1. Find how much the distance from residue 75 to residue 295 grows on full extension, using 0.36 nm per residue of separation minus their present alpha carbon separation; answer in nm with one decimal.
2. Extension gain residue 49-residue 104, at 0.36 nm per residue separation less the Cα-Cα distance, in nm?
3. With only alpha-carbon atoms counted, please give the Rg and Dmax of the chain, in Å.
4. So, R0 is 45 Å and r is the distance between the beta-carbons of residue 364 and residue 68; what FRET efficiency does that work out to, to 0.05?
5. Taking a ≥ b ≥ c as the square roots of the Cα gyration tensor eigenvalues, with a/c under 1.5 meaning rounded and otherwise prolate when a/b beats b/c, else oblate, which class fits the stretch 215-406?
6. With each label point set 7 Å from Cα along the Cα-Cβ vector, what nm distance links residue 319 and residue 121?
7. How tilted is helix 2-19 with respect to the longest principal axis of the chain? Cα atoms for both, answer in degrees (0 to 90, nearest 10).
8. Could you tell me whether the stretch 337-408 comes out rounded, prolate or oblate from its Cα gyration tensor? Rule is a ≥ b ≥ c as square roots of the eigenvalues, rounded for a/c under 1.5, then prolate if a/b exceeds b/c, otherwise oblate.
């Protein structure tokens, strides 16, 4: 790839240098005529705004000997070898100053030489906002909710289900996190939107989705308070409890998986409350079986009382497809801990895999929803806790609101 870029630059420089054979060098202060993309087929398409990171061609006069090229007063590296009297090739730095980091940016491109400066009105846009995760999609009224993503800058409002608008929020300077207090959503369910100056981002799943037809189980039974019942539980495995002192922040019952003293390579998930077992339930019509698995995700909330460091949670659909979920495996110290708060987990359904070499969840990926959803729209789901090459000394976590949602 780098070699291709070098060849492209070399070819363009030959074209540019050939066009400048009559140049005798700078004869006065620099002048910028236009900015275009570094593409020989698009050099005639001038523009006055671009995203940081763009590779551009600056065209003008007396540009030879430029000492500095600045975008919004941000000094930017450029290769003098690609600088002629009429052209400069430069990458706009990814970290150049934009309106997102300085509301008073001058929106200009400046070229400095020993003979004077050239100034050109030029705006550095920022990418539209994107949401990668919401801390808890089933938070309670008054709870703090965090939105994680990118380009979360210049936000005008956050829109919640029921057309509720949040204008009081706190964002970090890096544009990767926004926090707010959740109002009472009642029974309204829907997706969260971040409305910003440079675009709108929408969450990949609905908020307050704990009692809809998407839900496999919320562990609430008929006659129990807190939410509409979506039990579908097989009455064995981990403990179904509603003790708010152990895991506060839920609407009622949840599944508490607590055990310890499990040796290496122990797959006896049926022992010691190490599983969540659910009755087969109808969630869909047959039409969904033609859809791509990558368009849907399994979501649920998890709450850890102890750091999760070795246990493997095998999430299963039917007898053939599974995910070996190890949330700790890519984290510092190989430790996953929600600090006794409820956190939403999203697992794309295309991540579920067949058995390979006798190991669940290591073979071919699910391609269509027909791989995971049986005829009649029936879903058979379970989860099982096993060990691999390390023992499980102690495990204490709670699970709630297993559901399948469309994410694309």
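Just so you know, all these numbers are worked out from the coordinates, no wet-lab data involved. Please read these numbers as outputs of a predicted model, since none were measured by experiment. Ideal geometry is used to build each Cβ from the backbone, glycine not excepted, and the neighbour counts take in all protein chains shown.
1. Numbers: separation 220, 0.36 × 220 = 79.20 nm, distance 4.30 nm.
Length gained, residue 75 through residue 295: 74.9 nm.
2. Working it through step by step, the gained length comes to 18.2 nm.
3. Cα only, the chain: 28.1, 90 Å (Rg, Dmax).
4. On the way: r = 55 Å, r/R0 = 1.22.
After rounding, the FRET efficiency stands at 0.25.
5. Working: a/c = 1.70, a/b = 1.12, b/c = 1.53.
It comes out oblate by the Cα gyration axes.
6. So the two model labels end up 7.1 nm from each other.
7. With both axes taken from Cα atoms, the answer is about 20 degrees.
8. In terms of gyration-tensor shape, oblate.
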